[in-house]
Amino acid sequence: MSRAPVERALVTTPQPEQGGRRRRHAAAVRSMAGAWSGAVPAIASESVMTLHDLSVYYGDFLAVHDVDLHFGYREITALIGPSGCGKSTVLRCLNRMNDLIIGARVEGSVTYHGVDIYGPDVDVIEVRRRVGMVFQKPNPFPKSIYDNIAYGPRVTGMKVASMAETVEHALRSAALWDEVKDKLKENAYSLSGGQQQRLCIARAIATQPDVILMDEPCSSLDPIATAKIEDLMHSLADEFTIIIVTHNMQQAARVSQRTAFFTAEADDQGGRVGRLVEVDETRKIFSNPAKKATEDYISGRFG
């Protein structure tokens, strides 16, 4: 298959109905892989995204060094570690948000089912559609609740049978429909902080991604709103791969199946560089970590 732009592949690939997740996922990967690399990756792989020898620079500053990590299908992975260890930097690499930072440079590879998302022919907009992002603070657009959800499908040119049904499906998936169904034309800023964050999750869902990234999504929320977001993550994991950065170790233990611990180590120039210490099943990380540095952080001895 030729190395056509991803937009052309989307035009020639029928937009499937809601449900049938594996069929839609496989078709999307085949379409994207054919457009980007001329080869079809193995759909049966358990890894949705893989980092290999990942290093990230901001100008001459090495922020994260030599990360090898994979993220499983329909699995929640938590990235934990002290401030400045590179968790959010790594997360932003997964949908190329670091491209927006002047001087940022990524070395190594970040693949989505074997397709290098930093390849020269890759459509960055398509990357961000398939790998959605929810930020630390709720950031609804200054539009109606309805238009917030419809925005992504509209600007990416998605073919949907009914925009109203797409909006309803996204809001139901984010456990928000019953709270807003009678005020869809109201400004999104009229919602509470927790509702705004669930609206942002619904906005990400509306573009039918495979992966949802969450950068400390509960840090500005009260305990009740936090509990709702955590419950929502559990339900979304039936359909999406979720990767969350959190400083709350109890939250990581509650919501994730796998946990990756990062730390910051001194470099030769007197600075500090982020490194992945270990990754394992969450229960093992919190009960019997392999590295002393992980045990020290979990137990509160440092960080």
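The values are calculated or read from the model by the stated rules, or taken from the named source; none is laboratory data. All values reported here derive from a predicted model rather than from experimental measurement. As a convention, Cβ positions derive from the backbone with ideal geometry for all residues, glycine included, and neighbour counts pool all protein chains shown.
Structure above, values below:
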{"item": "From A253, A225, A264, A290, residue being surrounded by fewer than 15 Cβ atoms within 10 Å (Cβ to Cβ), more than 18 Å from the chain's Cα centre (by Cα) and either under 29 Å from V167 (Cα atoms) or not polar (S, T, N, Q) (or both)", "result": "A290"}
{"item": "Test set (1) modelled with pLDDT under 95; (2) more than 23 Å from E239 (Cα to Cα); (3) touching a Pro at 6+ places or on another chain (Cβ under 6 Å) - R130 fails condition number", "result": "(2)"}
{"item": "Subset of region 176-204 [under 14 Å from the mean Cα position of the chain (by Cα) and closer than 14 Å to I145 by Cβ]", "result": "C200, I201, A202, R203"}
{"item": "Residues (part of a helix (DSSP H, G or I), among the hydroxyl-bearing types (S, T, Y) and in contact with a Leu (Cβ under 9 Å, 6 or more places away or on another chain)) located in region 52-109", "result": "S88"}
{"item": "Selection from region 267-287 of residues that are under 28 Å from Y58 (Cβ atoms), within 24 Å of the chain's Cα centre (by Cα) and among the acidic types (D, E)", "result": "E278"}
{"item": "Residue within region 111-122 that is modelled with pLDDT of 95 or more, more than 15 Å from the chain's Cα centre (by Cα), among the acidic types (D, E) and in a helix (DSSP H, G or I) present", "result": "no"}
{"item": "Any pair with Cβ under 8 angstrom, 6 or more apart, that starts in region 140-164 at a residue that is closer than 19 Å to A188 by Cα and touching a residue at least 24 places away in the same chain (Cβ under 8 Å) and ends at one that is assigned to a loop (DSSP other than H, G, I, E, B) and of a type in the set (D, E, K, R)", "result": "S144/K185; S144/E186; I145/K183; I145/K185; I145/E186; Y146/K185; Y151/K143"}
{"item": "Single condition D280 does not satisfy, out of (1) modelled with pLDDT of 95 or more; (2) buried (at least 21 other Cβ atoms within 10 Å of the Cβ); (3) assigned to a strand (DSSP E or B)", "result": "(2)"}
{"item": "Only listed residue being within 21 Å of I243 (Cβ to Cβ), modelled with pLDDT of 50 or more and touching a His at 6+ places or on another chain (Cβ under 9 Å), chosen from I43, I76", "result": "I76"}
{"item": "Residue check for A237: under 17 Å from L213 (Cβ atoms) and surrounded by fewer than 21 Cβ atoms within 10 Å (Cβ to Cβ)", "result": "yes"}
{"item": "Boolean, H70 is without any contact (Cβ under 8 Å) to a residue 40 or more places away in the chain and surrounded by fewer than 23 Cβ atoms within 10 Å (Cβ to Cβ)", "result": "yes"}
{"item": "Close pairs from region 276-303: first of a type in the set (F, W, Y), partner surrounded by fewer than 15 Cβ atoms within 10 Å (Cβ to Cβ), Cβ under 6 Å, at least 6 apart", "result": "F302/D296"}
{"item": "Residue check, G300 within 21 Å of M97 (Cβ to Cβ) and either part of a strand (DSSP E or B) or more than 19 Å from the chain's Cα centre (by Cα) (or both)", "result": "no"}
{"item": "Residue under evaluation D99, criteria (1) surrounded by fewer than 17 Cβ atoms within 10 Å (Cβ to Cβ); (2) modelled with pLDDT under 90; (3) not basic (K, R), criterion not met", "result": "(2)"}
